[in-house]
């Protein structure tokens, strides 16, 4: 985020967590910024199109150099949407892998707890 601000690059915020509402420092940072709620996997095409349109709007509304604005033709939006669909799918995979790692860590902690109880039972009262 700091780099984006320094380079004056527009940022599109995307939420991948179901039923998440930013609060604390993140809520303050986002303020009234528009962000895409992409937590529902059934709406992947709609998110990709919305993110693509926002990104194109952001990049074409404030060009860094005085050049003609690139057109936001439906073909360009579709290309960007396709690319973002791939990115969102990859982010979904990462989210699923993270959930699996968290589950493995929880199972390992549970296994460790059972072993400790078994050892304490064998040792008897202290």
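The values are calculated or read from the model by the stated rules, or taken from the named source; none is laboratory data. Everything quoted here is computed from the prediction, not taken from an experiment. Neighbour counts are summed over all protein chains in view; Cβ atoms, including those assigned to glycine, are modelled from backbone coordinates with ideal geometry.
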So if I check each of 27, 31, which one is over 20 Å from residue 95 (Cβ atoms), out of contact with any helix residue (DSSP H, G or I) (no Cβ under 6 Å at 6 or more places or on another chain) and at pLDDT 75 or above? 27
Here is a check on your reading of the model: is residue 46 at pLDDT 75 or above and surrounded by 12 or more Cβ atoms within 10 Å (Cβ to Cβ)? yes
